[in-house]
Amino acid sequence: MKNRWTLYDPRLAWMLIAPVLLLLIFFLVLPIAVMSVYTFFTFVTAGVETSALTTANWHEFLTDSYYHGFLLKTLRVGAVTALLCGVLGYFPAYFIWATSFKHKWLLLLLLIVPFWISFTIRTFSWINILGEQGVINVALIKLGIVSEPLPMLYTEGAVIMGLLHFLLPYMILNVYVSLESIDRTLIAAARSMGCTSAQAFREVTLPLSLPGLAAGLLLCFVLAAGSYVTPQLLGSGRDALFGNLIYDTIMSELNWPMGATLSIVLFVVLGFFAAIYTRYMGMSQIVKGLGG
Amino acid sequence: MKLSTTKRLERLHDRYVNGDLSRRTFLSLTAAAAASAGLSMPWMSRALAAVEQVRFDGWGGTVQEAIDKYAFQPYTAKTKIKVVQGTFGDENEIITKIKTAKPGDFQIVHSSGVNYYIKYVNAGMNSEINEANIPNMANVLQPMIEPFRKLTPKLSAVPYDYGTTGIAYNTKVISPEEAKEKGAGLLLDKKYAGKVGGYADMTTRVWYAALATGQDPNNIKDMDTIWAKVRETRDLAKKFWSSGAELMDLLSKGEIVVTDAWSGRVAALQDQGHPIGYLDPAGSYAWMEDMLILKGSPMTECEELINFMLDPATSIAVAEGQSYPPSLDPTKVKLTEKIEKLPAFDKTGSMKALTFADPVYWATNEDAWTKQWDRIAKGA
């Protein structure tokens with residue numbers, strides 16, 4: 001009877017996670033490892049590199065302020081987007097959680113509806129809203145509020161707007177899940193002990209929902225900082241983020257070793273922030289948020 | 001009668017039993033058969049089968065629509081070989097895809113002339129065409145073929161069309177007289193700040209900066225002034241476009257009123273009734289496009305398709321549809337009045353009126369200049 005499986009048998013656990021583990025190794029770890037090796041390859045000319053090992057790509061990254069400037073700008077845009085998502089996303093999440101509307105699922109469904117349309121098409125739609133011939137400018141001119149179209153498209157503001165549009169549902173879902181896990185009797189207890197609604201929110205609801213808010217902030221930050229399509233479509237050249245630098249290095253300059261170096265840099269930097277979060281907040285909040 | 005593998009092995013066994021084969025030979029042949037059966041992959045049978053389709057990648061939009069309608073569809077109707085199509089906005093994009101694919105996954109590319117031809121050659125992606133299989137090449141302009149032959153005596157590509165990147169302007173805002181007077185200087189006119197566009201491409205930007213600084217684009221002496229001019233245009237520009245569709249969108253919606261632009265796309269806009277004017281200033285950037293066959297392609301079918309595309313009737317129909325003059329020699333083939341009116345059309349067939357980029361000169365500087373342009377485009 002010794003060989004019989006038990007519920008918490010380590011062999012069973014390994015067997016169950018083996019398929020996912022293999023997938024992760026082949027489709028995540030191995031590609032990253034190959035890219036890491038590529039960072040040491042020698043660029044010859046557009047589209048041609050040799051496997052002669054060199055540290056030239058890393059040297060270029062570490063000594064060229066052009067890359068550092070874009071990295072900092074990317075982190076800034078990511079942070080601003082995440083904070084705006086936090087501020088704008090908390091209230092809808094709170095409303096969905098607190099409402100006594102019996103079809104609450106409908107509100108949650110509305111959050112997911114934008115995902116039914118392609119991300120690129122959703123981003124393109126902002127051109128028709130923010131452009132010189134877009135809805136806002138045409139309306140403002142027809143109402144006589146402005147005489148010349150406002151320059152809204154191809155600016156950093158347009159990029160952040162596009163990112164907000166894309167990321168807000170992630171934030172709302174994260175906060176909502178966190179709010180859902182709060183024991184409502186705690187709020188009732190706070191009220192019974194003399195707290196006003198605002199005090200109960202400040203002393204009980206807000207602190208208990210902070211892990212969800214923090215998880216949402218991390219998700220929005222990482223996704224915004226790693227974005228490429230939104231700045232490409234809604235921004236000018238100056239509004240490019242680090243992802244666009246990687247794209248240009250690989251696709252325009254056909255310099256794969258340098259492109260791999262920049263990719264690894266972004267991976268490590270964003271991984272660093274995720275690691276910090278995991279250290280202090282744990283990953284469970286993100287998993288909860290993503291899992292609904 | 002076609003023999004099955006089982007039948008063949010049975011016969012082999014019979015010959016061994018009858019003493020026609022030695023034991024060693026019998027075992028060797030059986031092992032070889034087993035190995036070939038065991039190691040054969042699903043794609044082998046497809047590869048050995050008759051070619052049923054050819055892969056083509058082009059620039060999309062009105063250009064590819066014309067090629068599809070007037071060349072690919074009639075070709076498929078005639079040969080039953082389907083042309084599977086893909087598109088790209090920037091040719092480097094397709095080079096990246098080819099680099100990550102197996103030989104044969106991508107087959108024919110509507111490529112941007114000798115500047116890009118060098119890249120395929122350097123990366124070892126090019127094939128060798130058997131020109132005897134493309135008899136219609138006899139009608140192709142020799143001045144267009146020569147630059148390719150200088151790079152590879154055995155061609156991998158056949159020139160197909162040509163055009164210019166001139167200046168397009170909104171005639172409601174800029175008069176033809178003003179455009180003619182200012183020429184390429186329109187791109188640097190502060191009066192149109194925020195309404196200027198341009199192709200997000202190093203060659204075009206450097207070329208027009210060279211014209212603006214009075215330098216020969218094929219022999220630039222002072223790169224610092226070039227980059228200064230590129231920055232000047234960047235600061236006046238609203239958006240650098242990266243595809244023909246984007247160019248047409250920006251111009252037709254009035255987001256920009258002046259830009260360097262591809263002659264054929266402007267002709268298409270004019271056909272649609274948009275108030276867009278076009279002029280080729282002195283030294284305007286001329287380019288040619290070719291049909292490039294990649295390594296690993298089914299050569300016979302690809303050559304047959306290109307020969308079909310070069311047939312005068314097909315080539316003329318495509319040229320009229322895409323609004324770019326064909327590579328056919330007008331001294332050998334009678335072209336239509338519509339083609340003769342297209343921007344950049346050279347009736348002499350000598351191509352001397354057009355200024356093409358010197359492929360060797362530009363290839364020598366391509367890497368460094370592309371890197372610098374990418375930086376300037378991002379505000380550096």
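The values are calculated or read from the model by the stated rules, or taken from the named source; none is laboratory data. On a predicted model such as this, the values are computed, not experimentally measured, just so you know. Note: ideal-geometry Cβ built from the backbone for every residue, glycine included; neighbour counts use all protein chains shown.
Quick notes on this one:
- Hits in region B:203-239 - residues which are surrounded by 21 or more Cβ atoms within 10 Å (Cβ to Cβ), aromatic (Phe, Trp, Tyr) and touching a helix residue (DSSP H, G or I) at 6+ places or on another chain (Cβ under 8 Å): B:Tyr208
- Restricting attention to region B:352-380, the residues being within 14 Å of another protein chain (Cβ to nearest Cβ) and part of a loop (DSSP other than H, G, I, E, B) number 3.
- Selected residue [within 14 Å of chain B (Cβ to nearest Cβ), closer than 28 Å to A:Met35 by Cα and not hydroxyl-bearing (Ser, Thr, Tyr)] from A:Leu262, A:Leu234, A:Leu219, A:Leu223: A:Leu262
- Residue pairs meeting the criteria (Cβ under 8 Å; at least 6 apart or on separate chains; first over 18 Å from B:Met299 (Cβ atoms), in region B:145-160; second of a type in the set (Gly, Ala, Ser) and at pLDDT below 95): B:Pro147/B:Gly113; B:Pro159/B:Gly113
Each row is one residue, and each column tells you yes or no for (1) farther than 25 Å from A:Val135 by Cβ; (2) modelled with pLDDT under 90; (3) over 17 Å from the mean Cα position of the chain (by Cα).
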site: A:Val80; (1), (2), (3): no, no, no
site: A:Cys85; (1), (2), (3): no, no, no
site: A:Ala93; (1), (2), (3): yes, no, yes
site: A:Ile96; (1), (2), (3): yes, no, yes
site: A:Lys104; (1), (2), (3): yes, yes, yes
site: A:Phe115; (1), (2), (3): no, yes, no
site: A:Arg122; (1), (2), (3): no, no, no
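For every residue, the table says whether it meets (1) at negative phi; (2) away from chain B (no Cβ under 14 Å); (3) free of Cβ contacts under 8 Å to residues at least 40 places away in the same chain.
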{"residue": "A:Asp9", "(1), (2), (3)": "yes, yes, yes"}
{"residue": "A:Trp14", "(1), (2), (3)": "yes, yes, yes"}
{"residue": "A:Leu23", "(1), (2), (3)": "yes, yes, yes"}
{"residue": "A:Phe27", "(1), (2), (3)": "yes, yes, yes"}
{"residue": "A:Pro31", "(1), (2), (3)": "yes, no, yes"}
{"residue": "A:Thr42", "(1), (2), (3)": "yes, no, no"}
{"residue": "A:Tyr66", "(1), (2), (3)": "yes, no, yes"}
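Each row is one residue, and each column tells you yes or no for (1) more than 30 Å from B:Ile98 (Cβ to Cβ); (2) touching a residue at least 24 places away in the same chain (Cβ under 8 Å); (3) surrounded by 15 or more Cβ atoms within 10 Å (Cβ to Cβ); (4) of a type in the set (A, V, I, L, M).
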| residue | (1), (2), (3), (4) |
| --- | --- |
| A:Leu71 | yes, yes, yes, yes |
| A:Phe95 | yes, no, no, no |
| A:Lys102 | yes, no, no, no |
| A:Ala139 | yes, no, no, yes |
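- Scanning region A:142-165 for residues that are closer than 13 Å to A:Leu234 by Cα, assigned to a helix (DSSP H, G or I) and not aliphatic (A, V, I, L, M) turns up A:Glu156, A:Gly157, A:Gly162, A:His165.
- In this structure, B:Gly38 does not qualify as within 18 Å of the chain's Cα centre (by Cα) and modelled with pLDDT under 90.
- The helices (runs of 4 or more DSSP H) found entirely in region B:216-334 that carry 1 or more residues being within 23 Å of the chain's Cα centre (by Cα) are B:244-252, B:263-271, B:299-310, B:312-322.
- Qualifying residue in region A:2-25 (condition: surrounded by 11 or more Cβ atoms within 10 Å (Cβ to Cβ) and hydroxyl-bearing (Ser, Thr, Tyr)): no
- The set of residues from region B:229-287 being under 22 Å from B:Trp362 (Cβ atoms), among the hydrophobic types (A, V, I, L, M, F, W, C) and within 14 Å of chain A (Cβ to nearest Cβ) comprises B:Val230, B:Phe240, B:Trp241.
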